[in-house]
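Below is one structure; the comments refer to it alone.
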Amino acid sequence: MATSVVRAIVLCLLLARGAHTLRPFESGKVEQLGAEACWAKRQFEKEEYENLRFEHLACVASRDKACNCAARAAPLLSALVARTASANGRRGGKASLGPVEGQCAAIDDSRAPLADRKTGLCTWRALSHNPRGTWVSKEEAAAHFGRSPFPDYDAALHARKPFCRDKTWYSCPAWKHSREWLPEVVTRRQCTMTYLTPPMLHKLTGKHLRLLLHGSSFFKATYRSFVCLFDEWIRWEEHHEFAGREASGAEVWTAQFGDALTIQLNYRDGDFNQTSRIVAGSRHHEQDEFDMIVTNFGGGGYSLKTYAQVAAERGFSGPVVFTGNPCARCCAQCQPDGPERDAGLARCSESSVQLMSCARGAQLIPISFCEMTIPFGGYRATWAPEGRIRHAGEPHLCSPGPDDQLANVLMHVLASYYRK
């Protein structure tokens with residue numbers, strides 16, 4: 001009997017104290033929270049309500065007269081209901097434990113610092129929200145990035161390892177890639193970039209990361225850039241070509257770069273069904289095993305929201321980066337100069353801006369490859385073997401080319417997102 005009395009007294013004291021103590025996340029006033037924090041806060045309130053209700057029922061069930069449970073607990077429950085109802089703008093009405101309208105708006109991450117506090121490198125937000133830049137000579141770029149550790153794609157590189165040599169996609173023997181993409185935030189010294197190598201990435205993150213490139217044939221050139229730039233660090237590579245009409249020519253490549261990085265390229269196979277059938281017994285990975293997905297799926301039946309939903313339904317819970325397609329493809333049918341070329345660039349730019357906005361609205365990380373590949377100043381990277389565009393509708397870029405710069409940007413995104 002004495003034990004139950006003490007228990008009832010402690011219960012009433014806890015109930016009384018809970019009525020006046022704010023939790024660490026509570027400020028006592030309406031606040032603007034991001035969606036994740038807002039839902040967490042409302043979940044706490046819901047749990048608080050349920051705990052009080054069950055504790056009150058337990059107190060009543062004990063039939064202990066040491067404290068007046070009804071007199072103490074009921075006002076506490078009423079106060080909690082009133083506080084929640086007031087926060088939701090429903091005074092006098094039925095309480096809702098859901099989020100406050102407008103309180104769970106997305107965070108404006110464009111106001112976040114551009115430079116990482118520890119490294120000074122450009123954050124993924126800086127590169128996403130500030131896509132503008134300039135093509136400069138490699139000498140000028142070296143003043144900002146430092147000296148490039150990567151040799152050109154020449155015979156000396158091919159003689160060392162076969163991985164780059166075997167990738168003949170969009171090779172342009174008569175075209176020399178002699179420039180670098182320099183983002184404005186780097187030119188203004190708001191943050192820094194360098195030529196990130198796999199060992200440097202591992203030093204920054206302290207972990208082995210898995211990156212999925214998932215998209216169209218444009219990502220073949222991006223994957224080739226990773227392979228050719230990081231050729232000396234490749235430990236192994238595995239390739240599978242899917243057979244059958246239903247596969248639509250889908251293929252998958254996976255390569256490991258030292259202790260830092262595994263990159264898998266899924267060409268087509270938008271729903272990942274083909275790949276899922278071959279994962280067992282291979283070195284390829286399921287979609288939910290990656291730390292980051294980079295995609296250019298923005299059409300062909302896959303809206304950006306649909307793509308994110310499909311990835312989530314397969315268990316993927318990491319960040320999705322959307323790069324879109326290169327805008328240089330818009331000039332494949334344009335004259336070198338003149339109104340037709342300008343109109344083509346304008347249409348492509350407008351479409352890219354809309355896609356970037358859509359990606360941000362779908363909670364993806366947009367990295368504008370269009371901004372990097374608008375061929376202002378006569379810089380044309382369109383695939384042109386022997387110096388000639390193969391046919392009027394050819395949309396691909398020469399490799400090496402702007403995909404090298406895109407690969408470096410994606411390395412910075414990885415370093416920023418997973419920096420230890």
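The values are calculated or read from the model by the stated rules, or taken from the named source; none is laboratory data. The model shown is predicted, which means the values in this text are computed figures rather than measured ones. Counting neighbours? That spans all protein chains shown, and the Cβs are built from the backbone with ideal geometry, glycine included. SASA here: full protein model, heavy atoms, side chains in, ligands and nucleic acids out. Shrake-Rupley method; radii C 1.70, N 1.55, O 1.52, S 1.80 Å.
Observations on the structure shown:
- Being at pLDDT 95 or above and open to solvent by 50 Å² or more (accessible area, probe 1.4 Å) is a description that applies to Q190.
- So F218, is it open to solvent by 10 Å² or more (accessible area, probe 1.4 Å), closer than 25 Å to S368 by Cα and among the aromatic types (F, W, Y): yes
- Tally of residues being in contact with a helix residue (DSSP H, G or I) (Cβ under 8 Å, 6 or more places away or on another chain) and either open to solvent by 80 Å² or more (accessible area, probe 1.4 Å) or in a helix (DSSP H, G or I) (or both) across the range 277-287: 1
- Residue match in the range 315-325 (condition: outside any helix (DSSP H, G or I), modelled with pLDDT under 90, out of contact with any Leu (no Cβ under 7 Å at 6 or more places or on another chain) and not hydrophobic (A, V, I, L, M, F, W, C)): yes
- Test set (1) open to solvent by 30 Å² or more (accessible area, probe 1.4 Å); (2) among the hydrophobic types (A, V, I, L, M, F, W, C); (3) within 17 Å of V413 (Cα to Cα); (4) in contact with a helix residue (DSSP H, G or I) (Cβ under 6 Å, 6 or more places away or on another chain) - W169 fails condition number: (3)
- Looking only at residues in the range 385-420 that are in a loop (DSSP other than H, G, I, E, B), within 18 Å of Y153 (Cβ to Cβ) and open to solvent by less than 10 Å² (accessible area, probe 1.4 Å), the one that is modelled with the lowest pLDDT is C398.
- All helices (runs of 4 or more DSSP H) inside the range 108-200 with 1 or more residues being basic (K, R): 124-129, 138-145, 155-160, 162-165
Yes/no matrix, rows are residues, columns are (1) acidic (D, E); (2) touching a strand residue (DSSP E or B) at 6+ places or on another chain (Cβ under 6 Å); (3) over 24 Å from I374 (Cα atoms):
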residue: V186; (1), (2), (3): no, no, no
residue: P199; (1), (2), (3): no, no, yes
residue: L211; (1), (2), (3): no, yes, yes
residue: W253; (1), (2), (3): no, yes, yes
residue: G281; (1), (2), (3): no, no, yes
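- Residues considered: E241, E237. Of these, the only one that is open to solvent by 10 Å² or more (accessible area, probe 1.4 Å) and without any contact (Cβ under 8 Å) to a residue 12 or more places away in the chain is E241.
- Which numbered condition A343 fails, given (1) closer than 25 Å to Q405 by Cα; (2) modelled with pLDDT under 80; (3) of a type in the set (A, V, I, L, M): (1)
- Filtered residues of the range 161-179 (kept if within 16 Å of T197 (Cβ to Cβ) and modelled with pLDDT of 80 or more): F163, C164
- Whichever residue in the range 135-160 is exposed (fewer than 15 other Cβ atoms within 10 Å of the Cβ) and touching an Asp or Glu at 6+ places or on another chain (Cβ under 8 Å) and, among such residues, is modelled with the lowest pLDDT: R160
- Members of the range 201-210 that are assigned to a helix (DSSP H, G or I) and either among the charged types (D, E, K, R) or modelled with pLDDT under 95 (or both): K203
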